[in-house]
1. Six or more apart or on different chains, Cβ atoms under 6 Å: show the pairs whose first residue is in the stretch 74-99 and touching a residue at least 24 places away in the same chain (Cβ under 8 Å) and whose second is assigned to a strand (DSSP E or B) and not β-branched (Val, Ile, Thr).
2. Consider the stretch 60-86. How many of its residues are surrounded by 18 or more Cβ atoms within 10 Å (Cβ to Cβ) and either under 18 Å from the mean Cα position of the chain (by Cα) or among the polar types (S, T, N, Q) (or both)?
3. Quick check, is Val62 β-branched (Val, Ile, Thr) and either at positive phi or in contact with a strand residue (DSSP E or B) (Cβ under 7 Å, 6 or more places away or on another chain) (or both)?
4. Which ones in the stretch 21-46 are among the small types (Gly, Ala, Ser) and surrounded by fewer than 22 Cβ atoms within 10 Å (Cβ to Cβ)?
5. If you take just the helices (runs of 4 or more DSSP H) that sit entirely in the stretch 168-258, which of them hold at least 3 residues that are at pLDDT 70 or above and under 15 Å from the mean Cα position of the chain (by Cα)?
6. Go through the stretch 107-153 and give me each residue that's aromatic (Phe, Trp, Tyr) and open to solvent by less than 10 Å² (accessible area, probe 1.4 Å).
7. Testing Ser57 on (1) in contact with a Lys or Arg (Cβ under 6 Å, 6 or more places away or on another chain); (2) open to solvent by 60 Å² or more (accessible area, probe 1.4 Å); (3) not charged (D, E, K, R), one condition comes back false. Which one is that?
Amino acid sequence: MSKIVITGAADGIGKALAAAYAAAGHDVIGVDVDVDRAAQTQSEIGERLSFVIADLSDADEVQRTADEIGDRVDVVIHNAGINEVGYFADTNPARQQKVIAINLTAPMLLTRHLLARGTLAGTGSVVFVSSLSRYVSYPGASVYAATKDGLASYARSLSVEYPQIHVLTVYPGPTRTEHARRYSPDNSKEDKRMTPEDLAARIVRAVDDRQRVLIPGAANWIFAILGRVAPALTDYAMKKTLLEKFEKPAEACEPVTE
């Protein structure tokens, strides 16, 4: 029996991961800011799951989370993430700072606390949920893309610094979650997105197999390859399917001439 920590575990991918690990007989500590949703998820999954309620955008809360996790952890999955969408200069600066804090700073801080305290088991696993945007861009969510790219770069360097620890970076594409639904400008093809349960099962297998990289699903692999060999093509596709469906800022619609 292992002890698993999952951030953002009250819903979506995190909830599916918590359910998968709890069903396999592991003890799971979920970390989430949503008290009500965490309580609902805990009641659905059962006694194998407990929660630390914390706002991971606050460095003090991240430290408190590390304190409450306990003495030993076998797997840490950095899944929590938020987004802010729209044309970059037209989005809320405070919200963009929170995206950076939760998506990038918090995983680094929490990992540091666990490593410094020796909480992570000697041959344990650290999983970073990045994004397919690392390969194909994400116009209309440029700060989100930057955090996920930074997370992947951090994970790669961390794996060199601590070779005894298993580091897995996951690059999901569109997933059928409330998070994706909330931030996508077009949910008409939602049924084609990977389910969080499918993604969770793939992540669990990748941890067991001690994989270093997981791009889940053939379609995501193809898109990732195209993003490397034909970036103009994937940039165009992302522009058409995402960026152009966001409302353009006024200055983009009505250029000022002198």
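The values are calculated or read from the model by the stated rules, or taken from the named source; none is laboratory data. The shown structure was predicted, so the numbers you read here are calculated from the model rather than taken from an experiment. Every residue, glycine among them, receives a Cβ derived from its backbone with ideal geometry; neighbour counts consider all protein chains shown. Side chains included, ligands, DNA and RNA excluded: accessible areas come from the protein's heavy atoms. Shrake-Rupley method; radii C 1.70, N 1.55, O 1.52, S 1.80 Å.
1. Asp74/Lys3; Asp74/Ala121; Asp74/Gly124; Val75/Ser125; His78/Phe128
2. The qualifying residues number 13.
3. no
4. Hits for the stretch 21-46 are Ala22, Ala23, Ala24, Gly25, Ala39, Ser43, Gly46.
5. Correct list: 196-208.
6. Once the filter is applied, which keeps residues that are aromatic (Phe, Trp, Tyr) and open to solvent by less than 10 Å² (accessible area, probe 1.4 Å), the stretch 107-153 yields only Phe128.
7. Only one criterion is unmet by Ser57, namely (2).
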